[in-house]
Amino acid sequence: MEEPLCCCEYVDRRGRRNHLAACCCDCEELDDGCDRWLMCKSLPPGALESIADTVADRLRVPWFSGAVRINVSLVPPLVLLPVFLHVAALHFLLGLIILTSLPVVVLWYYYLTHRRKERTLFFLSLGLFSLGYMYYMFLREVVPRGHVEYSQVVTLTCGLILMLAALSRAKKDPGYLPIPAGNEKPSHQGLPNESIRGSSSGLHGVSGAASSRAVNGEAKGYCRMSAEQPAGVKKDWCTKCQLVRPARAGHCRLCGKCVRRLDHHCVWINSCVGEQNHQAFILALSFFMLTSVYGITLTLHTICRGRTPFVALFYCPGAYSDYSSALSFTCVWYCAIVTAGMGYILLIQLLNISYNVTEREARLALRDNTGRRLLGGLVIDTGQYNRGLLCNWGHFLSLGSSPPQRSAEDIV
């Protein structure tokens, strides 16, 4: 019987038992790459990826049951954000350059990972660390000035706790569809999509009564709605998960699973937003907006006395009189930029809920030219599920209220 791993041992990506003390040993690929670089020779194909994988595999910390691997994407926000903010507080021009560059870099990295279809913890790490670091800076630089009352600190802390609680709920199961046992391929797998959909009328007949229990939320709402699914909406066959998806479900290429009423994959929570966690996602965004705006207001009232928060945000003569005020003002602008971005996301979500359309459905409608652009293109109305403002919000508030249906394969 193999001995258990000690706190500093681990099994590497090649399946061999290794130790943290030997992290700098057996580095032939890195040595060869350095030699080629010094001799101005090109690296063989895949050499950089192999070196990066080796470094990521050896980046670990000791743990009780063996050394735990650290995700490399977690580290940059923890190191770079404090450095950038402290450098930006040294001078107005440095702050302007850094605070302008940060959103550009984040967007570039988002599109890079999106194009490569990669999951990353960078955005989740950036979001959580930003929350914690801004709260720490508020307690360290703003509260000691004596202009913030104890009740205001308690209110801000409660808002932060409520937002983290909603975020924790949003991180849970978004409504993944269970994959059939063994991922067995049904007998009609080889048929084209048209024949599959054409032969699925029997499935609709069997599930007609069950659909009224609002798997997709259409039968349960704020007011009475038809138990029948809207015309033209059909169940779809997912070739990757090997299952029949209910209407409005979609396959997430990053999670590798089908999700009920899939809205989108959110990089800020590193998870999908679907039927089971959409409400918590909206709640987390709302708490974030309220808490962030309240924190910005308290800080500006402290460092820019006698001015309204909006005026102080753009004109605060004493902001750079000392380093503490400059650092606080820089953090305010960082929070304002993040709040503006999250506010845009929340606005789009609220508009989509009002028209009962998901981000995925809006994207598909634009691709197929089947939707209408409304409110200057902020929302795409597909017309499939829109039943009026009250019914649409009643439908959203009833999401996840009934247990998801189990397929016949699960029952058997």
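The values are calculated or read from the model by the stated rules, or taken from the named source; none is laboratory data. What you see is a predicted model; the values in this text were computed from it and never measured. Glycine also receives a Cβ, built like all others from the backbone with ideal geometry; neighbour counts cover every protein chain displayed. These accessible areas exclude ligands, DNA and RNA; they are computed on the full protein's heavy atoms, side chains included. Shrake-Rupley method; radii C 1.70, N 1.55, O 1.52, S 1.80 Å.
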Next on the checklist: Please determine whether any residue of the stretch 143-157 is in the same structural domain as I282 (by the TED database), open to solvent by 80 Å² or more (accessible area, probe 1.4 Å), in contact (Cβ under 8 Å) with a residue 12 or more places away in the chain and outside any strand (DSSP E or B).
Outcome noted: yes
Item to check | Residue that is farthest from the chain's Cα centre (by Cα) [pool: residues in the stretch 251-269 that are more than 15 Å from Q279 (Cα to Cα) and of a type in the set (K, R)] | outcome: K257
Next on the checklist: Suppose we keep only residues that are of a type in the set (A, V, I, L, M) and in contact with a strand residue (DSSP E or B) (Cβ under 7 Å, 6 or more places away or on another chain) within the stretch 60-96. Which one would you say is nearest to C335 (Cα to Cα)?
Outcome noted: I70
Next on the checklist: Please pick out the residue among F281, F287 that is part of a helix (DSSP H, G or I), at pLDDT 95 or above and more than 12 Å from the chain's Cα centre (by Cα).
Outcome noted: F287
Checklist entry - How many residues are in a helix (DSSP H, G or I), more than 34 Å from the chain's Cα centre (by Cα) and free of Cβ contacts under 8 Å to residues at least 12 places away in the same chain when one looks only at the stretch 295-329? => result 1
Item to check | Subset of the stretch 48-73 [closer than 30 Å to C34 by Cα and crowded, with 17+ Cβ neighbours inside 10 Å] | outcome: I51, T54, R58, R60, A67, S73
Checklist entry - Which numbered condition trips up L90, out of (1) of a type outside the set (S, T, N, Q); (2) over 27 Å from V106 (Cα atoms); (3) outside any helix (DSSP H, G or I)? => result (2)
Checklist entry - Can you spot a residue in the stretch 256-269 that is in a loop (DSSP other than H, G, I, E, B), under 19 Å from G343 (Cα atoms) and open to solvent by 20 Å² or more (accessible area, probe 1.4 Å)? => result yes
